[in-house]
1. Can you tell me which residue in segment 93-114 is farthest from the chain's Cα centre (by Cα), limited to those that are over 23 Å from Ser39 (Cα atoms) and not hydrophobic (A, V, I, L, M, F, W, C)?
2. Within segment 47-62, does at least one residue satisfy the condition of being modelled with pLDDT of 95 or more, under 17 Å from the mean Cα position of the chain (by Cα) and surrounded by 10 or more Cβ atoms within 10 Å (Cβ to Cβ)?
3. Give the number of residues within segment 80-98 that are over 18 Å from Lys27 (Cβ atoms) and among the hydrophobic types (A, V, I, L, M, F, W, C).
4. Among the candidates Asp73, Asp66, Asp124, single out the residue that is among the charged types (D, E, K, R), more than 30 Å from Asp43 (Cα to Cα) and at pLDDT 85 or above.
5. For segment 98-138, give me each residue that is part of a loop (DSSP other than H, G, I, E, B) and surrounded by 10 or more Cβ atoms within 10 Å (Cβ to Cβ).
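The values are calculated or read from the model by the stated rules, or taken from the named source; none is laboratory data. Keep in mind that this is a model prediction, so the values were computed, not measured. Neighbour counts run over all protein chains shown; Cβ positions are idealised from the backbone, glycine included.
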Amino acid sequence: MTKQVFLTLVILFLGVSHLFGQAAAAKSKSWSGTVVYSSCNADEAFAESRECLKAAAGARLALYDDTNRVMYDLEPQSIAAGHLGDSITVHGTLDDTTIHASSLELMSIGLAVGQKAPAFSAPDQFGHTQTLDSLKGAKGTVLLFFRSADW
């Protein structure tokens, strides 16, 4: 009888622990944006105002998320130190408008300078298949991708 009670308690404990672990994991999210000073508002950050990169009395580092035009406070401040003006992704939890960051990573767009483009094939405006090699000229290749504003 005591073995059954003990086993039942262990199973119950593991189940409750698992649920609490899932709840904690569900709260952890990520946000992407630009590191600016908190003295800047969302409209100024959206307009990429130089004022957002100038230190003002009492200003702290903040994250401006341009997908929803929201400013978030960052804690701890040390995680964003040295990243003013950088595009970043922050992982952590949200408490009102403060992100309690557990990690930060720089966002990169495109290839690094000197990095070779991967092999590809894509149709051109005439329906002909083009590859990196078929586009290559005597002095190299410049590729420009234009994203339509109406999709």
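1. Start the filter on segment 93-114 by keeping residues that are over 23 Å from Ser39 (Cα atoms), which leaves 102-103, 105, 107-114.
Restricting the remaining residues to those that are not hydrophobic (A, V, I, L, M, F, W, C) gives 102-103, 105, 108, 110, 114.
Details: Ser102: 13, Ser103: 11, Glu105: 7, Ser108: 10, Gly110: 15, Gly114: 24 Å.
Taking the candidates together, the pick is Gly114.
2. yes
3. Going through segment 80-98 one residue at a time, the tally reaches 4.
4. Numbers: Asp73 fails: more than 30 Å from Asp43 (Cα to Cα); Asp66 fails: more than 30 Å from Asp43 (Cα to Cα).
Answer to the selection: Asp124.
5. Step one: list which residues in segment 98-138 are part of a loop (DSSP other than H, G, I, E, B), which gives 107-120, 124-128, 136, 138.
Scanning segment 98-138 gives Met107, Leu111, Ala117, Phe120, Asp124, Lys136.
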